[in-house]
Amino acid sequence: MPDFALSPRSGVEQVLLPGTHGARTDEPGVVVALRTDLALAFVMARKGKVEDLRQRVLDRFGATLPMTAQRAEKSVGLSFDSLNLIWAGPGRWLAGTSAQAAASLEVLLRNELSGLASVVNQTDGRSVFRICGPRARDVLAKGLPIDMDPRVFGPGDTALTLAGHINVHFWQIDLSPAYEFAVPRSFAASFYEWLFAASAKYGVLVRAA
């Protein structure tokens with residue numbers, strides 16, 4: 001099992017070591033990668049401004065702001081290829097993009113949504129894991145207290161829940177299935193420890209960031 005000694009920052013980059021771990025199998029059941037190319041920002045609608053904010057997002061980005069537990073992705077053709085808007089509770093969303101400079105997303109959203117929403121940079125506050133593989137759903141069902149059946153939770157769906165004892169915000173990317181988990185950075189190593197323990201018997205492939 002990997003050594004989970006932590007660094008002062010979070011430690012996850014030191015323990016999420018590329019390679020195959022756990023049981024030796026012909027095909028690893030779970031594939032894990034740490035997303036290091038993301039910029040994230042938390043968007044909170046001002047009081048009474050949800051509908052105005054929704055219209056502003058549609059006008060400026062051509063994207064529909066999800067009003068339920070959904071994820072929307074839109075190619076916006078600005079300084080980054082696409083913008084993800086992920087429901088994070090009533091009047092709240094997590095915005096993400098693969099922009100190289102985290103500050104550029106925060107500045108853009110602050111400017112475009114001025115007067116309608118508060119924007120908080122979350123790039124350094126969250127670690128985002130991409131999890132896929134033929135046994136990914138089985139592994140997640142061990143620790144998530146929600147129904148992971150594909151008839152209930154599918155691509156575009158998102159949830160705020162617990163993985164073991166850790167608060168997580170996750171969403172499904174595609175039918176493979178592939179998921180992304182946004183975890184508070186201070187709990188990132190603990191999250192991977194839980195994930196590894198739940199996945200080890202299936203074999204775990206950690207891909208380089």
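Taking Gly164, Gly96, Gly115 in turn, the Gaussian network model of the chain (Cα-Cα springs below 10 Å) assigns the largest fluctuation to Gly115.
Under a model in which nothing but the beta-carbon of Lys, Arg (+1) and Asp, Glu (-1) is charged, the chain shows a dipole of about 380 debye around its Cα centre.
Counting Lys and Arg as +1 and Asp and Glu as -1 over every other residue whose Cβ lies under 15 Å from the Cβ of Gly91, the net charge comes to +4. The rule of thumb for compact globular proteins, 2.2 N^0.38 Å, goes into the C-alpha radius of gyration of segment 39-121 0.96 times.
The alpha-carbon of Lys201 sits under 20 angstrom from the alpha-carbons of these lysines, leaving out residues fewer than 8 places away in its chain: Lys142.
If only the Cβ of Lys and Arg carry +1 and only the Cβ of Asp and Glu carry -1, the dipole of segment 39-121 around its Cα centre is close to 260 debye. Taking other residues whose beta carbon is less than 9 angstrom from the beta carbon of Ala33, and scoring Lys, Arg as +1 and Asp, Glu as -1, yields +3.
What number, rounded to the nearest 500 deg cm²/dmol, is the helix-based mean residue ellipticity at 222 nm of the chain, given -39500 (n - 2.57) per DSSP H run of at least four residues and division by all its residues?
So the calculated ellipticity at 222 nm is -6500 deg cm²/dmol.
Its Cα centre serving as origin, segment 118-209 has a Cβ charge dipole (Lys and Arg +1, Asp and Glu -1) of approximately 220 debye. Each 10 Å bin from 0 upward holds the following percent of the Cα-Cα pairs of the chain: 9, 34, 34, 18, 5, 0. In the chain, taking the dipole from charged Cβ atoms about the Cα centre, the farthest positive-side position among Thr161, Ala23, Gly48 is held by Gly48.
None of the figures in this text is laboratory data; all of them are computed from the coordinates on show. For clarity, every value in this text was computed on a predicted model and none was experimentally measured. Every residue, glycine among them, receives a Cβ derived from its backbone with ideal geometry; neighbour counts consider all protein chains shown.
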